[in-house]
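Worksheet: the structure to be examined is printed underneath.
The values are calculated or read from the model by the stated rules, or taken from the named source; none is laboratory data. Everything numeric in this text was worked out from a predicted model, so none of it was measured. As a convention, Cβ positions derive from the backbone with ideal geometry for all residues, glycine included, and neighbour counts pool all protein chains shown.
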């Protein structure tokens, strides 16, 4: 037929065009690897699966920090058609304007196709009401979310809390796979054992669609890695003892630390004022945190490891040990104290006792806490003829102190521990213009004053080595980890190592222990006695530049087989025997007898109710409350926007109670007397109604 | 009529075409299934609930099968006899669309049939046009070497296209251009196709190359032509004028016509689609219609090449062997818009990779070449022209659709024959192919 050749042309065109298409397909599918990556970025959603954090147990395997489920109310805005808005608002306690505002916020943040948080961590009550009405609210779901919980509401400063990581944290932990929005331990054990508690994160890959909605798992999870739950910590803490300590320290500023000298395991570490750690979980976290941080009594401050106190008389057993070991005195050495130490001329150290013979031997002097005796012993140590100068003598003495764990960090398993202070010779050289000082200049170091500072933890640790007659273990909370591996054992070995404290002989320790036993038998702390238990103790009444003396007490018991060593400090509370001693005594009884005898229970109440908060801090609370009240009144009066001018005044009157807890303000007289200043300001009943 | 009643319908039927048809329709349904598949909601029963696209397509396929049998049972003389009548009916239907038309996705080319089904007359009109063109070209008194006949044939082919353009269905209109392949086969001077291609090349060059550079290149080409043809030019002065006229035309197109068309005739999104097919970005602020909209204080959304980008990602991520049936992440994630209709090829490309695409295109090529083979064995000019019409329409649809998904052609809404979701499209191609099969079965008869 005619034009037959054109058939060939057409066929060739067809084939040619198909070849061109094939070449482009080759180009796209074989030679451009870029499209694969783009496709993955498009469609594969990598979700980090967070494992449950490890649980922290006390010594009797009671969980003191565990996980619970709380619920976020999530909403997918484009699915909320038909939701009973009024009912939702009624349950949530918001108005429709707020509802709409949150909805718009969700859409802006997360588009209307994806679920976003409508209300985070709703309370139990709201959860219950929502749950039974959920059918009314299409588009809303309650999503569970693990939250930390503290069943005993105790030991907040020890256990710490988790919080959202910040950029500094991310910079420091680049290798650990944290990302913005993750939670990590911020303080306490949560922080120092973060790596163990957090477990191992898993990655779940899923397919998402063009609107970022999840469509199902990718390759049936072939590339997913499972999350490994965090491992549990088994601590030496006794939560009941901890609760008792916190109760006894109520309405006081101070700290109590109890250690098992046999292991170095800390039994209780209380600091006061403290806070309910459950305040820092859940939806109110931010608000509560803000309040706690601004609180002038600093409830977030762990005084047990960061509070630095002059040890006062509680130092005397250590002074005695140095002198005994140096061979400067024997247990029978006596000193004629006439009520004060006059040997240094201008510097006179007063003694509480005047009766002759109260310092006739080490035993008597220690049990009666004779200042003259220990001033003298200290001078002997510094002016020891074995060393060329007082400076040399001092260095030797400082070496002892450091070996006792004073003036050095003990490296407990809590973050930001302070090391107290045993001054360096350089410090004195600076003050005295060179090495021209002598034992008289630094005399009060001998009775735990001058520049000597120790944390309650260090004092408790000192009791440990005296109880153990020469060694201590690094104080720590965590005894063992769940599924401990080699790496962990290496890590934990520092808490299981015995620290030998020089080579002081057992006889010297016996002498000191005997004297300390007398403290509760016939000495300064007879009141701390517990029938049937030999308590070796030492009271301390530390003068301090901030006001009334601190009340201190250190002890260990039972004498022959010590299982508890304890240090208690109550700020500005006067004699050691008055407040610190009974607190320690009750704690020892609780620990050793597992209960407190009925006849001493009223004592617990009496002590815990005793209000020893310095007046300055009370004033701060009073002013804060009155400002709040004034603001409320103003609002009612003017019926307009609140005026915040008063906030300036708040700043003016805040001051650091740590620096000057006992400052006497001129207007202390007209402070509202309040029973307990450490109650949450929000919970206080309003004295005037807001609306007429 | 009597001849078909006592002969089996399978007699003389070209089974290869029917098998290819069946395979392609099945692939189509599976592709639509891939696009819609959701493991959480899927049950085997959902193939027959008719509320999903794949089950609807299955229904359409069933209807098409019945229709195919009906066509095979019919008498082939019917199609020659009523070709012109059909054509008039088709044109009337398209005109009716302007009155009854329903607006779907911005195009007014649908007539609602009720029950959620809509008819697109422009699709059906392809059949009628093919028949009418075959009828006209096979007339004994048609001398296709005459320009008048060529003009009439072109008018028959392009009238529905003009109506389609008026319905804002530029893509469907373009499909009618494929009839020029038929006309070429029947004696249309090759130069017209060459001129057509040259024009296309010039437009693409205009978009690709900076205007002044292109003008210089064109001038150089013209000068070189004159230099090499100086002997002929000396002998034949008008040749010089022709060359200069062509040069002037080219430069005119390049400097004025193309920018004018892009800025004043096309909508902003259309210009952008053409630009993005060659990998460039179109500045919408030059566009007249966009300026008008801005003037009417409507917000003009800048169209982007999202479709092509996602389509290329989906196909490109398939690799050599693809991700496997139902394992395409881009398909599951619905990243490619209109994936069940115009972009159905992407699901195939992602799931089965280069090998799959190559085999799939191979099926198409076999079908096309088979139809040409069938065409050339016809005794009747009507059947031959009709077969070429079908080959051309199929070829045009396949090439434009596939090229559009792989970024070689601007996006125009043209379905992939037998694969894309859509009853109108499937029905049209079924009828087109089975009329051919019917005609081919009667190839011994001389039809007019």
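Brief remarks on what is shown
- Qualifying residue in region B:375-382 (condition: in contact with a helix residue (DSSP H, G or I) (Cβ under 8 Å, 6 or more places away or on another chain), more than 8 Å from chain A (Cβ to nearest Cβ) and on the phi > 0 side of the Ramachandran plot): no
- Tally of residues being in a helix (DSSP H, G or I) and touching a residue at least 12 places away in the same chain (Cβ under 8 Å) across region B:117-148: 18
- Test: residue in region A:67-77 that is away from chain B (no Cβ under 14 Å) and part of a helix (DSSP H, G or I): yes
- One residue stands out among those in region A:24-35 that are assigned to a helix (DSSP H, G or I) and touching a helix residue (DSSP H, G or I) at 6+ places or on another chain (Cβ under 6 Å): the one that is modelled with the highest pLDDT, which is A:25.
- Qualifying residue in region B:279-293 (condition: at pLDDT below 80, within 14 Å of chain A (Cβ to nearest Cβ) and either more than 30 Å from residue B:350 (Cα to Cα) or exposed (fewer than 14 other Cβ atoms within 10 Å of the Cβ) (or both)): yes
- Tally, over region B:302-330, of residues that are in a helix (DSSP H, G or I) and more than 9 Å from chain A (Cβ to nearest Cβ): 4
- Check on residue B:396, assigned to a helix (DSSP H, G or I), at the interface with chain A (Cβ under 7 Å from one of its Cβ atoms) and either over 30 Å from residue A:220 (Cα atoms) or in contact with a helix residue (DSSP H, G or I) (Cβ under 8 Å, 6 or more places away or on another chain) (or both): no
- The residues in region A:437-446 that are under 14 Å from residue A:380 (Cβ atoms) and in contact with a strand residue (DSSP E or B) (Cβ under 7 Å, 6 or more places away or on another chain) can be counted, and the count is 2.
- Residues (at the interface with another protein chain (Cβ under 8 Å from one of its Cβ atoms) and out of contact with any helix residue (DSSP H, G or I) (no Cβ under 8 Å at 6 or more places or on another chain)) located in region A:14-23: A:20
- Residue within region B:8-23 that is within 14 Å of another protein chain (Cβ to nearest Cβ), surrounded by 15 or more Cβ atoms within 10 Å (Cβ to Cβ), in a helix (DSSP H, G or I) and at pLDDT 85 or above present: no
- Within region B:355-381, being under 30 Å from residue A:42 (Cα atoms) and more than 23 Å from the chain's Cα centre (by Cα) holds for one residue alone: B:355.
- Any hit, region A:42-65, residues being in a helix (DSSP H, G or I) and either within 14 Å of chain B (Cβ to nearest Cβ) or in contact (Cβ under 8 Å) with a residue 40 or more places away in the chain (or both): yes
- Subset of region B:331-348 that is crowded, with 22+ Cβ neighbours inside 10 Å and within 7 Å of chain A (Cβ to nearest Cβ) - its residue that is nearest to the chain's Cα centre (by Cα): B:335
- Of all residues in region A:152-170, one or more are in a strand (DSSP E or B), surrounded by fewer than 18 Cβ atoms within 10 Å (Cβ to Cβ) and away from chain B (no Cβ under 14 Å).
- Region B:181-198: number of residues that are touching a residue at least 24 places away in the same chain (Cβ under 8 Å) and at the interface with another protein chain (Cβ under 10 Å from one of its Cβ atoms): 6
- Failed condition for residue B:35, given (1) surrounded by 12 or more Cβ atoms within 10 Å (Cβ to Cβ); (2) away from chain A (no Cβ under 14 Å); (3) closer than 28 Å to residue B:433 by Cβ: (2)
- When A:221, A:177 are checked against the criterion of being farther than 30 Å from residue B:338 by Cα, more than 10 Å from chain B (Cβ to nearest Cβ) and at pLDDT below 85, a single residue qualifies: A:177.
- In region A:495-507, the condition of being surrounded by fewer than 19 Cβ atoms within 10 Å (Cβ to Cβ) and part of a helix (DSSP H, G or I) is met by at least one residue.
- Flag for residue B:372 being within 10 Å of chain A (Cβ to nearest Cβ), crowded, with 20+ Cβ neighbours inside 10 Å and without any contact (Cβ under 8 Å) to a residue 24 or more places away in the chain: yes
- Flag if residue B:251 is over 25 Å from the mean Cα position of the chain (by Cα) and either outside any helix (DSSP H, G or I) or surrounded by 12 or more Cβ atoms within 10 Å (Cβ to Cβ) (or both): yes
- Filtering region B:167-185 to residues that are at pLDDT below 85 and either at negative phi or part of a helix (DSSP H, G or I) (or both) leaves B:167, B:169, B:170, B:171, B:172.
- Summed over region B:51-81, the residues that are outside any helix (DSSP H, G or I) and within 28 Å of the chain's Cα centre (by Cα) give a count of 3.
- From B:413, B:407, residue being surrounded by fewer than 24 Cβ atoms within 10 Å (Cβ to Cβ), in a loop (DSSP other than H, G, I, E, B), under 19 Å from the mean Cα position of the chain (by Cα) and within 14 Å of chain A (Cβ to nearest Cβ): B:407
- Here residue A:321 passes the criteria (1) in a helix (DSSP H, G or I); (2) assigned by TED's automatic domain parsing to the domain that holds residue A:418; (3) without any contact (Cβ under 8 Å) to a residue 24 or more places away in the chain except the one numbered (3).
- Within region A:376-414, the set of residues being surrounded by fewer than 18 Cβ atoms within 10 Å (Cβ to Cβ) and on the phi > 0 side of the Ramachandran plot comprises just one member, A:411.
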